[in-house]
Amino acid sequence: MTGLRDRACIVGIGQTPYTRGPLPPGANNLTLQLQAAVAAIADAGLGNHDIDAILPFVSLGNAEDFAVNLGIEDLRYQATSHLGGACPGASLLNAVMAVSSGIANYVLIPGGWYGFSGRRVREVVVADTTVMSGGVNARDFYFPYGLTVPPQWFSFTARLHMSEFGTRPEHLGAVAVAARRHAQLNPAALMRGRPMTMADYLASPMIAEPFRVFDCSLEADGACAFVVTSAERARDLRQKPVTVLGIAQGQPYPADDIVTRADPFRIGATNAAPRAFAMAGIGPREVDFAEIYDPFTFQVIQQLEEMGFCARGEGGPFVAGGRIEPGGELPVNTHGGLLSEAHVLGMNHFIEAVLQLRGAAGERQVPDAEIGVVTGFGDFGDSAIAILRNG
Amino acid sequence: MDPGYDKPLPLLTGMTQALTGEFYRWCRAGELRFQRCTSCGRFRHVPRPMCPACGSWESEWTRSTGRGRVVTWTVVTRPMHPAFTAVPYAPVVIELDEGVRVVSTITDCPPAELQRGLRVRVVFDAVTEAVTLPGFERDTEQTE
């Protein structure tokens, strides 16, 4: 299946600074995302009025909120994919379909939040069960037992993985340390200038066993946006295009309950990866770097396994020994990821992949980066996988 | 029963909550029951209007043995919710002998003594007038 390969490109990126407060007067999630949106549109060499489709992130603003501020009088298409942290990748799939079918020409995908200064995830998931699929089940069957936040529910799977396959704390730590090492090379990263060793990792306090503080992503204020158009239109724009080779989304089953799955390790990526790689016509070995949605360290190991970068159960040893660090065989989260750059909903993973594929990643540039993978991971294990190529 | 009970509770009323309400009404009566498809006989939880396996809309609330085993757990050591400040505590996943799994708690087992496969049996905790939560305790009568 190669139907949508080479049909669409990311042609513009924008990002705000990533910070941890204070909340500027008058600012909100929409104003922050509009800043990133305007930057992305300008980066593409377009005007705000050229945008004719908007695919907003779940629960952080409607397409209309963006359109009325950007002065878009004829918005041809809008949609939001309710896949949590996999929403940006799912929106890219939507965008590729829209521009390759002629439904829209220039698609804006924004996402960002005051995730540190505003309401925290731990408050949102409990207060609004409509934000995520499975929120109602969580309210009725998880919350009464004090299982209220993502590090707690994902630790169930991490513990199972450790007892089933011998995955060790040092393997989780290898993901955290690699992210932190990448962040030292990234001026935008919140953890730049704050290096971390394995000993630091192992000494960090437990949050929800087996997750320590340093297994958890960095709640942050920040927004990103990118612009997608057809491969034909991309040729006439300012930036060297980044082409979508493969794109797919997937969900675990059942998607709305994390504890009753016949196969507890199966996630959306298990289903989506074969589709994405088949569309791209390549395999994991041909990937130069990967930006993997990393709310917690374990999710990096799990997604690498389920995407076929290594066999299930071998993810721990796979990430150890520097393979995913700067200069490694498969650099992962070259910006520092949600763990050490900032939790910007995985939107920052797309920005980083585009920078790498443009050859514009500065000190942390992966040499001769030609093909990169970006993943999203959300709710109780939803996934989106994008395979991107320079030019 | 604690009149000042401030922990989150399931929603038992409203158009979408009929099945959840029924699950907890059985708990309030001291019985752990799960939906069982009348057509294909499969148990299911969380409650759903249709059988995902065979498509039947018919089910009956069938009494569970209340016995099962520990599948996995976490030990919460940093409070993340204003009503759950007494750490550590350990939410567990229990697989009942009928095959369904639930998130719950074990009332008589310190977190450090939890282990995979630990046999447990249901106990009920009437936390409010309306809500009784199923929990579990070590099943000392039963040997594997």
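Scanning segment A:20-44 for residues being closer than 15 Å to A:L70 by Cα and among the small types (G, A, S) gives a total of 5.
Among B:L19, B:L11, which is the only one that is in a loop (DSSP other than H, G, I, E, B) and either within 12 Å of chain A (Cβ to nearest Cβ) or farther than 22 Å from A:W153 by Cβ (or both)? Only one candidate qualifies: B:L11. When A:A174, A:A189 are checked against the criterion of being assigned to a loop (DSSP other than H, G, I, E, B), more than 13 Å from chain B (Cβ to nearest Cβ), out of contact with any Cys (no Cβ under 8 Å at 6 or more places or on another chain) and crowded, with 20+ Cβ neighbours inside 10 Å, A:A189 stands alone in meeting it. Selection over segment A:22-64 of residues that are of a type in the set (D, E, K, R), in a helix (DSSP H, G or I) and more than 15 Å from A:C224 (Cβ to Cβ) gives a count of 2.
Here segment A:357-370 is the region considered, the condition is being touching a Leu at 6+ places or on another chain (Cβ under 8 Å) and surrounded by 19 or more Cβ atoms within 10 Å (Cβ to Cβ), and the residue that is farthest from A:F309 (Cα to Cα) is A:A361.
Looking for something buried (at least 19 other Cβ atoms within 10 Å of the Cβ), farther than 25 Å from A:S204 by Cβ and either modelled with pLDDT of 95 or more or in contact with a strand residue (DSSP E or B) (Cβ under 7 Å, 6 or more places away or on another chain) (or both) - is there at least one such residue anywhere in segment A:120-133? So far as segment A:120-133 goes, no, none of its residues is buried (at least 19 other Cβ atoms within 10 Å of the Cβ), farther than 25 Å from A:S204 by Cβ and either modelled with pLDDT of 95 or more or in contact with a strand residue (DSSP E or B) (Cβ under 7 Å, 6 or more places away or on another chain) (or both). Taken together, the criteria exclude A:I103 from residues that are among the β-branched types (V, I, T), crowded, with 19+ Cβ neighbours inside 10 Å, over 30 Å from A:V125 (Cβ atoms) and at pLDDT 95 or above. Scanning segment A:145-156 turns up no residue that is in contact with a helix residue (DSSP H, G or I) (Cβ under 7 Å, 6 or more places away or on another chain), surrounded by 19 or more Cβ atoms within 10 Å (Cβ to Cβ) and more than 13 Å from every other protein chain (Cβ to nearest Cβ).
Take the conditions (1) surrounded by 19 or more Cβ atoms within 10 Å (Cβ to Cβ); (2) within 12 Å of another protein chain (Cβ to nearest Cβ); (3) in a loop (DSSP other than H, G, I, E, B); B:G99 misses just one of them, which is (1). Only a single criterion out of (1) touching a Leu at 6+ places or on another chain (Cβ under 9 Å); (2) free of Cβ contacts under 8 Å to residues at least 24 places away in the same chain; (3) within 14 Å of another protein chain (Cβ to nearest Cβ) is not satisfied by A:E123, namely (1). Residue pairs whose Cβ atoms lie under 6 Å apart, sitting 6 or more positions apart in sequence or on different chains, and linking a residue in segment B:89-108 that is of a type in the set (K, R) to a partner that is in a loop (DSSP other than H, G, I, E, B), are B:R101/A:V259; B:R101/A:T260. Looking only at residues in segment B:41-63 that are of a type in the set (A, V, I, L, M, F, W, C) and more than 14 Å from every other protein chain (Cβ to nearest Cβ), the one that is nearest to A:A262 (Cα to Cα) is B:C54. The listed residues are A:G268, A:G283, A:G250, A:G246, and the only one of them that is surrounded by fewer than 20 Cβ atoms within 10 Å (Cβ to Cβ) and not β-branched (V, I, T) turns out to be A:G283. Against the test of being in contact with a helix residue (DSSP H, G or I) (Cβ under 7 Å, 6 or more places away or on another chain) and either within 26 Å of A:V213 (Cβ to Cβ) or surrounded by fewer than 24 Cβ atoms within 10 Å (Cβ to Cβ) (or both), the options A:F318, A:F350, A:F309, A:F380 yield a single qualifying residue, A:F318. The residue list A:A276, A:A255 contains one member that is hydrophobic (A, V, I, L, M, F, W, C), touching a Phe, Trp or Tyr at 6+ places or on another chain (Cβ under 7 Å) and in contact (Cβ under 8 Å) with a residue 40 or more places away in the chain, which is A:A255.
In this structure, A:L108 qualifies as at pLDDT 95 or above and closer than 22 Å to A:E232 by Cα.
Per-residue answers, yes or no, for (1) of a type in the set (G, A, S); (2) closer than 12 Å to A:D140 by Cβ; (3) in the same structural domain as B:P134 (by TED's automatic domain parsing); (4) touching a Phe, Trp or Tyr at 6+ places or on another chain (Cβ under 8 Å):
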residue	(1), (2), (3), (4)
B:G4	yes, no, no, no
B:M15	no, no, no, no
B:W26	no, no, no, yes
B:A29	yes, no, no, no
B:T38	no, no, no, no
B:F43	no, no, no, yes
B:P49	no, no, no, yes
B:P52	no, no, no, no
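Scanning segment B:113-121 turns up no residue that is out of contact with any strand residue (DSSP E or B) (no Cβ under 7 Å at 6 or more places or on another chain), more than 8 Å from every other protein chain (Cβ to nearest Cβ), without any contact (Cβ under 8 Å) to a residue 60 or more places away in the chain and among the small types (G, A, S).
The values are calculated or read from the model by the stated rules, or taken from the named source; none is laboratory data. Because the structure is predicted, anything quoted here is derived from the model rather than measured. As a convention, Cβ positions derive from the backbone with ideal geometry for all residues, glycine included, and neighbour counts pool all protein chains shown.
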